[in-house]
Amino acid sequence: MTTSETRERGKPGRKAEREKPRILKALLDDLALCEADPTLSLSYEAIRKRTGVSRGHLSNTTDEDYAGIVAKIKKLELRRAGLDEEGAARGAAGASPFADASMSDAALAGRAEERVGELARLMREWLSRHGGTPRAAMAALALHDLDLTLGQVYREATGLRPLVREIGRREDLAHAAAREAAGLGPGRALDPQLTLDEAGPRGSS
């Protein structure tokens, strides 16, 4: 092997370009599994664990191929959230945001905890880099990192919102069932201190 060939093989990014088809296939295969199984998490950390592909590839939205996969992930997240591609609600009011509502309560709670944990990690990561004594020389880097972090935080919040909605929906159903089993009217909570009736004029006793 000549010296020029050695240099060519050693160029930064050469290995990444060779690996790119494999990485894209792994991500697309995983996305297909997520489309078939709504219980699979779409968080970057969950994708990393399932595929071995680092989160950095999905954050590389300047690359058209990776940006296209991120767009597909966001589209699936909206569909799981009961929203159309413009973010407007679709389907019957009060319906589950999940395709078949088959996710167990424990899995649902675990997914929500995962999203909250990822939000906390993103915030800690930014603070660990820029939370010390502020320096003007670092302002540009701090702003750049903040823009990236805010984008990731928004994405995680988008994924968390339907989970919170579904947890609340299930709690409301359980509460209503408990009231019915106790023979209470639909407008009153089990705890007499927590009435759901609207306050109205009281008659004199």
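Take the Cβ-Cβ distance between residue 50 and residue 120 as r, set R0 to 25 Å, and report the resulting FRET efficiency rounded to the nearest 0.05. Present the calculation step by step, with values, prior to reporting the outcome.
Values: r = 21 Å, r/R0 = 0.86.
In this case the efficiency is close to 0.70.
At 0.36 nm per residue, and after removing the present C-alpha to C-alpha distance, how many nm does the segment from residue 19 to residue 176 gain when stretched out fully?
Details: separation 157, 0.36 × 157 = 56.52 nm, distance 5.35 nm.
My answer for the length gained is 51.2 nm.
Gain in length, residue 169 to residue 36, computed as 0.36 nm per residue apart minus the alpha-carbon separation, to one decimal in nm?
On the way: separation 133, 0.36 × 133 = 47.88 nm, distance 2.32 nm.
This chain segment gains 45.6 nm when fully extended.
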Review point. So what does residue 39 come to for accessible area, using a 1.4 Å probe and Å² rounded to 10?
Key: 60
Review point. Under the Karplus relation 6.51 cos²θ - 1.76 cosθ + 1.60, θ = phi - 60°, what is the ordered set of whole-Hz ³J(HN,Hα) values for segment 30-40, x standing for Gly and Pro?
Key: 5, 4, 5, 5, 5, 5, 7, 10, x, 7, 7
Review point. Accessible surface of residue 75 in the full protein assembly, 1.4 angstrom probe, to the nearest 10 Å²?
Key: 100
Check your understanding: Going 7 Å from the Cα of residue 129 in the Cα-to-Cβ direction, what parts of segment 52-66 have a backbone nitrogen less than 13 Å from that spot?
Key -> 56, 59-60
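The values are calculated or read from the model by the stated rules, or taken from the named source; none is laboratory data. From a predicted model like this one, the values you see are computed outputs, not experimental measurements. Heads up, the Cβs are rebuilt from the backbone with ideal geometry, glycines too, and the neighbour counts pull from every protein chain shown. Note: areas computed on protein heavy atoms with side chains; ligands, DNA, RNA excluded. Shrake-Rupley method; radii C 1.70, N 1.55, O 1.52, S 1.80 Å.
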